[in-house]
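Shown next, in structure tokens, is the structure this report addresses.
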């Protein structure tokens with residue numbers, strides 16, 4: 001069956017319609033081939049090149065959607081046709097929507113690339129910046145798509161001013177319905193701006209202690225010393241007192257011990273100086289004080305405080321062990337007996353500064 005290419009439909013022959021469709025498909029095919037070359041050829045060059053723009057182009061190409069491109073090329077292919085007003089308006093609207101959506105995907109791809117690029121760099125140099133990037137990425141995407149949608153609607157003839165006013169009223173209702181979620185979101189932004197902690201810091205929240213793994217828009221995730229992951233909502237996190245051990249410059253070491261009541265006053269007076277000598281032999285330790293603290297129920301109690309100039313917990317416990325062993329040895333040499341009921345050499349709270 002032969003098709004009459006001169007048959008007129010909607011003011012144009014089938015030949016003209018076929019030519020217009022072929023032109024639109026050809027442009028779309030050209031864009032598809034260009035996308036393939038960028039993703040496969042330029043990507044290889046980008047991996048060995050130091051030019052970040054090559055990586056940006058590859059990232060944007062991966063966000064190219066052929067259907068959206070066809071929405072634009074269809075309008076370009078039919079420009080020389082004599083179209084009815086209704087069809088022409090439909091094609092313009094389809095092309096406008098497709099063009100803005102594709103532009104948004106390209107810009108979003110570029111934004112994601114730069115944020116991921118800086119995140120990888122920040123993880124090795126500035127953990128505070130890495131913490132901020134999740135919130136910056138979210139805010140950036142929201143602003144990007146908000147402006148693009150508003151521009152798109154404005155180009156489609158929608159009264160954007162009235163719509164924005166309506167969204168403001170609707171936004172209040174949505175905000176009231178999503179108070180908890182928005183509270184966590186603003187808490188996340190507060191963490192980003194104020195930086196009470198960053199990724200990698202060891203913190204204590206209430207009775208939970210762990211290393212910060214991720215600061216999200218709603219929750220912060222800690223990895224505890226026993227291996228499990230602790231997830232805390234950002235709003236709850238900022239309502240509690242947080243202890244950040246990573247920002248310690250020195251660690252305060254305090255411990256108590258007791259000696260028997262039969263110990264002579266002369267030997268009791270010698271114990272603080274004995275402890276000063278012991279702490280002086282410990283690397284990175286600074287003696288503060290040692291005192292005969294109190295008359296206990298069954299022991300004469302001493303309290304000792306010194307500082308570790310390196311706050312590392314493992315190093316501090318090694319130092320405490322060294323002090324304990326040396327103290328046992330020196331007390332035995334001096335003939336001073338420890339009290340068995342006074343929790344001899346029991347370390348006190350290790351209080352960070």
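The values are calculated or read from the model by the stated rules, or taken from the named source; none is laboratory data. This is a predicted model, so every value here is computed, not measured. So basically every Cβ, Gly included, is an ideal-geometry build from the backbone, and we count neighbours across all protein chains shown.
A few notes on this one:
- Qualifying residue in the range 113-127 (condition: modelled with pLDDT under 80, out of contact with any helix residue (DSSP H, G or I) (no Cβ under 8 Å at 6 or more places or on another chain), over 24 Å from residue 61 (Cα atoms) and surrounded by 15 or more Cβ atoms within 10 Å (Cβ to Cβ)): yes
- Filter pass, residue 301 being under 18 Å from residue 264 (Cα atoms) and surrounded by fewer than 14 Cβ atoms within 10 Å (Cβ to Cβ): no
- If you go through the range 314-343 and keep only what is within 15 Å of residue 254 (Cβ to Cβ) and either under 39 Å from the mean Cα position of the chain (by Cα) or assigned to a helix (DSSP H, G or I) (or both), you end up with 316, 317, 319, 320, 323, 324, 327.
- Verdict on residue 233 being at pLDDT below 95, surrounded by 17 or more Cβ atoms within 10 Å (Cβ to Cβ) and more than 20 Å from residue 200 (Cβ to Cβ): yes
- Test: residue in the range 175-183 that is at pLDDT 65 or above, within 20 Å of residue 140 (Cβ to Cβ) and either surrounded by 12 or more Cβ atoms within 10 Å (Cβ to Cβ) or in the same structural domain as residue 224 (by TED's automatic domain parsing) (or both): yes
- Selection from the range 251-280 of residues that are in contact with a strand residue (DSSP E or B) (Cβ under 6 Å, 6 or more places away or on another chain), assigned to a helix (DSSP H, G or I) and more than 17 Å from residue 339 (Cβ to Cβ): 272, 276, 279
- Residue 213 meets the conditions (1) part of a loop (DSSP other than H, G, I, E, B); (2) without any contact (Cβ under 8 Å) to a residue 24 or more places away in the chain in every case but one. The failed one is (1).
- In summary, residue 283 fulfils each of the numbered conditions (1) assigned to a loop (DSSP other than H, G, I, E, B); (2) surrounded by 13 or more Cβ atoms within 10 Å (Cβ to Cβ); (3) free of Cβ contacts under 8 Å to residues at least 40 places away in the same chain with the single exception of condition (2).
- Whichever residue in the range 236-270 is over 30 Å from residue 302 (Cβ atoms) and more than 19 Å from the chain's Cα centre (by Cα) and, among such residues, is surrounded by the most Cβ atoms within 10 Å (Cβ to Cβ): 240
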